[in-house]
Amino acid sequence: MTDREPLTEEDLAGIETLPKVELHLHIEGAAPPDFIRGLAQEKSVNLSGVFRPDGAYAFRDFGHFLQVYEAATSVLKTPEDYARLTTAVLEQCADNDVIYAETFLSPDFCGGGDLGAWRDYLAAIQDAATRAEAQMGVTLRGIVTCVRHFGPDRARAAARCAAETAGDWLVGFGMAGDENRGAQKDFAYSFDMAREAGLRLTSHAGEWRGPSEVRAALDDLRVERIGHGVRAFEDLALVDRLAEDGVVLEVCPGSNVALGVYGNLAKHPIDQLRQRGVTVTVSTDDPPFFHTSMRAEYLNLARTFDWRAEDFMEIARNAARAAFCDSATRDRILKTLEGS
Ligand code: ADE
Ligand code: ZN
């Protein structure tokens, strides 16, 4: 620690409202509980067990979180539902000063892996994103994710959907879901298909399992970014490799604390990873599930690790550089960051 002046309330207010770049955001996981409750009522879907008495999402642990997530997602039945969700999510991004976000989309949830249906969902989401960009100034891009616990066959269908719709808007492919199930190498075929279609790659790893999973993401799937990746910190040789190779971690500190990966933010390795030269970025993962937002993440990180506005600006620049969008869009985002 240096002997610099302590952060003031004014400093914190400035940090909270800095422009932000968010790379790790699941679209269904960003659905406000009221939005899901409203759709469930419209469609007469019974969502018992999904909400706590106070209205928040109810879950006990990671396995239960995934079940509740999928139950809540079951009310999203049409492309129009996803268009409405996209608008709601981008309103939250705008409220948090996010200027660019990448969101995870799953053909498993959007049309059950059928390519024709997926095209309809994607078109609706993209239209909503274009309208929101004009109104709110947030740029969104999509990353298709397969779901690890749905297995490699369904992942191939998701990868095919991704490969067929790859372009300026659909820019990446990745994997979410239960890291404790299956092996990443079983998904290599899907990642190869996506890479050949020009998509950029990321995979959730090192959230629940340790350094070997992060290595598998790098060696078996050949990803350039890692979703979470924080448990790499348990192996300093791996940390050095991440730093030397410029692998970008999509770190979601509030998610990790809410799900119990770390007991509290002070025990989270994000600051130490950064000090050892790893490129870390900051995201919310599934913000209403974890009672977080980008503004809350920034405030909590500033208070816990004494990070200053310069630290957050560097993180946002690194996130923009690691974004999967085309270079003209990236340059525009970097320029907006510079001008702030
Ligand atoms: N899907 C949504 N959130 C997730 C998380 N934190 N880990 C794995 N899969 C997810
Ligand atoms: Zn995630």
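Report the local net charge at G229: Lys and Arg +1, Asp and Glu -1, summed over other residues whose C-beta lies under 10 Å from its C-beta.
Neighbour charge sum, excluding G229 itself: -1.
Over region 73-212, what is the relative contact order in whole percent, taking alpha-carbon pairs under 8 Å and six or more residues apart?
Relative contact order for region 73-212 comes out at 22 percent.
In percent, how large is the relative contact order of the chain, given Cα pairs closer than 8 Å and 6 or more residues apart?
Relative contact order of the chain: 20 percent.
How much net charge surrounds R148 when only other residues with a Cβ under 15 Å from its Cβ are counted (Lys, Arg +1; Asp, Glu -1)?
In short, -4.
Give the calculated FRET efficiency between Q275 and K77 to the nearest 0.05, with a Förster radius of 41 Å applied to their Cβ-Cβ distance.
My answer for the efficiency is 0.30.
Can you list which of the trypsin sites (Lys or Arg not before Pro) found in region 51-113 are DSSP loop residues with at most 16 other C-beta atoms within 10 Å? Don't skip to the end; give the middle numbers.
On the way: sites: R60, K77, R84; in loops: R60, K77.
Counting only loop positions with at most 16 other Cβ atoms within 10 Å, the trypsin sites (Lys or Arg not before Pro) in region 51-113 are R60, K77.
For region 1-121, with all protein chains present and a 1.4 Å probe, just round the carbon and sulfur fraction of the accessible area to a whole percent. Provide the component values of the computation, followed by the final result.
Working: 2570 of 5280 Å².
C and S fraction of accessible area: 49 percent.
Ignoring everything except DSSP H segments at least 4 long, calculate the 222 nm mean residue ellipticity for the chain; use -39,500 (n - 2.57) per segment, divide by total residues, nearest 500.
The helix contribution divided over the chain gives -14500 deg cm²/dmol.
Show me, for region 219-232, the HN-Hα J-couplings you get by feeding each phi into the Karplus relation (A = 6.51, B = -1.76, C = 1.60, θ = phi - 60°), rounded to Hz, glycine and proline as x.
8, 8, 9, 6, 7, 9, 10, 10, x, 6, x, 5, 6, 4
Among the lysines, which have Cα under 17 Å from the Cα of K43 when same-chain residues fewer than 8 positions away are ignored?
Straight-line reach from K43, under 17 Å: K77.
Identify which of A328, A183, A163 has the largest mean-square fluctuation in a Gaussian network model of the chain, with springs joining Cα atoms closer than 10 Å.
Among A328, A183, A163, the largest mean-square fluctuation in the Gaussian network model of the chain belongs to A328.
Write down the radius of gyration of region 267-324 and its Dmax, each obtained from C-alpha positions, in Å.
11.5, 31
What is the Cα centroid distance between region 290-340 and region 21-44, reported in whole angstrom?
If we compute the Cα centre of each part, the gap is 24 Å.
Enumerate the calculated ³J(HN,Hα) couplings along region 37-43 in order (Karplus 6.51 cos²θ - 1.76 cosθ + 1.60, θ = phi - 60°), each rounded to whole Hz, writing x wherever the residue is Gly or Pro.
4, x, 5, 4, 5, 4, 9
Which part of region 35-78 falls in the paramagnetic zone of D178, meaning amide N under 11 Å from the point 7 Å along Cα-to-beta-carbon?
62-67
Which loop-located trypsin sites (Lys or Arg not before Pro) does region 202-248 contain, where loop means any DSSP state but H, G, I, E or B and the Cβ has at most 14 other Cβ atoms within 10 Å? Kindly include the intermediate steps, with their values, before the conclusion.
Values: sites: R209, R215, R222, R225, R231, R241; in loops: R209, R222.
Those that pass, being in a loop and sparsely packed, are R209, R222.
Would you tally the net charge around R241, using a Cβ to Cβ cut-off of less than 13 Å, leaving R241 out, and scoring K and R as +1, D and E as -1?
Charge balance near R241 sits at -3.
Under a point spin-label approximation (7 Å from Cα along Cα-to-Cβ), what is the L236-K335 distance to one decimal in nm?
4.4
Roughly how big is region 62-219's charge dipole about its Cα centre, with Cβ charges of +1 (Lys, Arg) and -1 (Asp, Glu), in debye to the nearest 20?
Using Cβ point charges on Lys, Arg, Asp and Glu, region 62-219 gives about 340 debye.
Accessible area per residue, 1.4 Å probe, Å², for region 270-340: what's the number?
Roughly 40 Å² per residue, with all protein chains present.
Kirkwood Rh over alpha-carbon pairs of the chain, then Stokes-Einstein at 10 °C and 1.306 mPa s: what D in µm² s⁻¹, rounded to an integer?
In µm²/s, the coefficient is 79.
Restricting the calculation to Cα positions, tell me the Rg (one decimal) and the Dmax (whole number) of region 1-111 in Å.
Over region 1-111's Cα set, Rg and Dmax evaluate to 17.5, 59 Å.
Determine ³J(HN,Hα), in whole Hz, for all residues of region 108-117 in sequence, where each value follows from phi through the Karplus function 6.51 cos²θ - 1.76 cosθ + 1.60 and θ = phi - 60°; x replaces Gly and Pro.
Calculated HN-Hα couplings, in order: 4, 8, 9, x, x, x, 7, 5, x, 5 Hz.
Rounded to the nearest percent, how much of the accessible area of region 296-336 (1.4 Å probe, protein heavy atoms only) is carbon and sulfur?
The value for region 296-336 is 46 percent carbon and sulfur by accessible area.
Would you kindly state how much longer the chain becomes between A13 and D114 on full extension, computed as 0.36 nm times their sequence separation minus their alpha carbon distance, in nm to one decimal?
31.7 nm
For F51, what residues show an amide H to amide H distance below 5 Å, using hydrogens built from the backbone and excluding near sequence neighbours?
Residues meeting the amide H criterion: A58.
Could you give P(r) for region 291-340, binned at 5 Å from zero, as whole percent values over all Cα-Cα pairs?
In order of increasing distance, the bins hold 4, 20, 23, 21, 17, 11, 4, 0 percent.
Need the list of lysines near K20 for cross-linking: C-alpha distance under 25 angstrom, and skip anything on the same chain fewer than eight residues off.
Within the straight-line cut-off, K20 pairs with K267, K335.
Residues of region 1-41: accessible area per residue at 1.4 Å, in Å²? Kindly include the intermediate steps, with their values, before the conclusion.
Values: 2000 Å² over 41 residues.
Result: 49 Å² per residue.
How large is the accessible surface per residue of region 113-153, computed with a 1.4 Å probe and reported in Å² as a whole number?
39
The values are calculated or read from the model by the stated rules, or taken from the named source; none is laboratory data. Note that this is a predicted model, so its numbers are computed, not measured. Note that each Cβ is placed from the backbone with ideal geometry, even for glycine, and that neighbours are counted across all protein chains shown. Quick note on the areas: whole protein, heavy atoms, side chains included, nothing else; ligands and nucleic acids left out. Shrake-Rupley method; radii C 1.70, N 1.55, O 1.52, S 1.80 Å.
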